[in-house]
Amino acid sequence: MHAEAAPVVARLGLDSAKTLHPRLPALVHSGEFSGTVVDLVVNGVDARFGVDAIGTVPAALTAWTGALEQRSTLIISAGTAGGFARHGANIGDIYLSEGPLVFHDRRIPLAGFEAYGRGSLSCMEAGPLARALGLKLGRFTTGDSLDLCDADAAAIESSGAAVKDMEAAAVAWVAHLLGVPFLGVKAITDLVDGPHPTADQFVLNLDRAVAELADALPRILMELQKADVARR
Ligand code: ADE
């Protein structure tokens, strides 16, 4: 979402938005941060509905186009997510992904397709990064809904996921296809297992979570650069 990206663009000193592809609403902000070339892509606005394009389909299209166009050597899915009180999450926490990333809403009860539906996508080993920066580490689970139905809740519980979002596993699939390392970085806007409606918490806490994200991403990029992961 534009609201998630704007403070990060400012903090990293990236250029103003350019069109990523003439047929896509996606935008790219490019620049160099502390010796690392950064291309921050956002899905842009859905012209028919006038709202940010969110979810796995725009995320995969944008990531695929951006990574090919910019010849990315590392793909990060950065944004906001829901956390779980039962896993010790607090509003504003920053989580790094711990593989494998799964989908919680792709239910395909046909032989061989259940595992395909879950996805189980790998990501870079982020334990050292999380420890160095004092960030949390957790399993990510992705679906196309902000709310939670019983079937999704059961899938999330059995996967042990601690972070629920709407993009990361789709972007990790793109990284897998391109043979590029993947990292998820998510700021918690709401507690999925808390007493308040997700949408209310999301609206209330978005600015706070995004400020934490804008604070964490430069530190993450510098640490990745030290380990020579993010350089191009
Ligand atoms: N983004 C922020 N909060 C979320 C949630 N609870 N589920 C999916 N995506 C989110």
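All of the numbers you see were taken from the coordinates with simple rules; none came from a lab. Bear in mind that the values here come from a model prediction, so they are computed numbers and not experimental data. Positions of Cβ are backbone-derived with ideal geometry, glycine not excepted, and every protein chain shown enters the neighbour counts.
Mind checking which residues of the stretch 7-36 are in contact with a strand residue (DSSP E or B) (Cβ under 9 Å, 6 or more places away or on another chain), hydrophobic (A, V, I, L, M, F, W, C) and not in a strand (DSSP E or B)?
Val8, Val9, Leu12, Leu14, Ala17, Leu20, Ala26, listed by residue number.
Pairs only if they're at least six apart or on different chains, beta carbon under 6 angstrom, first in the stretch 62-84 and over 11 Å from Ala175 (Cα atoms), second within 16 Å of the ligand (Cβ to nearest atom) and assigned to a helix (DSSP H, G or I); list them, first residue then second.
Filtered contacts from the stretch 62-84: Gly79/Glu4; Thr80/Glu4; Thr80/Ala209.
Of all the helices (runs of 4 or more DSSP H) wholly in the stretch 125-208, which have at least 2 residues that are more than 15 Å from the ligand (Cβ to nearest atom), surrounded by 17 or more Cβ atoms within 10 Å (Cβ to Cβ) and aliphatic (A, V, I, L, M)?
Fully inside the stretch 125-208 and qualifying: 127-133, 168-178.
State all residues of the stretch 99-124 that are without any contact (Cβ under 8 Å) to a residue 60 or more places away in the chain and not in a loop (DSSP other than H, G, I, E, B); if no residue qualifies, say none.
Passing the criteria: Gly99, Pro100, Phe113, Glu114, Ala115, Tyr116, Gly117, Arg118.
Taking the stretch 59-87, which residues are outside any strand (DSSP E or B) and among the hydrophobic types (A, V, I, L, M, F, W, C)?
Selection gives Ala59, Ala60, Leu61, Ala63, Trp64, Ala67, Leu68, Leu74, Phe84, Ala85.
Only residues that are among the hydrophobic types (A, V, I, L, M, F, W, C), surrounded by fewer than 19 Cβ atoms within 10 Å (Cβ to Cβ) and more than 16 Å from the chain's Cα centre (by Cα): list them for the stretch 23-75, please.
Leu24, Phe33, Val37, Val45, Ala47, Phe49, Val51, Leu68, listed by residue number.
Yes or no, residue by residue, for (1) aliphatic (A, V, I, L, M); (2) in contact with a helix residue (DSSP H, G or I) (Cβ under 8 Å, 6 or more places away or on another chain); (3) closer than 21 Å to Leu213 by Cα; (4) within 16 Å of the ligand (Cβ to nearest atom):
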site: Ile54; (1), (2), (3), (4): yes, no, yes, yes
site: Val57; (1), (2), (3), (4): yes, yes, no, yes
site: Trp64; (1), (2), (3), (4): no, yes, no, no
site: Gln70; (1), (2), (3), (4): no, no, no, no
site: Gly83; (1), (2), (3), (4): no, no, yes, yes
site: Gly88; (1), (2), (3), (4): no, no, yes, no
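Specify which of the listed residues (Ile91, Ile54) is over 30 Å from Arg23 (Cα atoms) and β-branched (Val, Ile, Thr).
Ile91
Could you tell me how many of the residues in the stretch 7-20 are surrounded by 15 or more Cβ atoms within 10 Å (Cβ to Cβ) and under 13 Å from Glu69 (Cβ atoms)?
Result for the stretch 7-20: 1.
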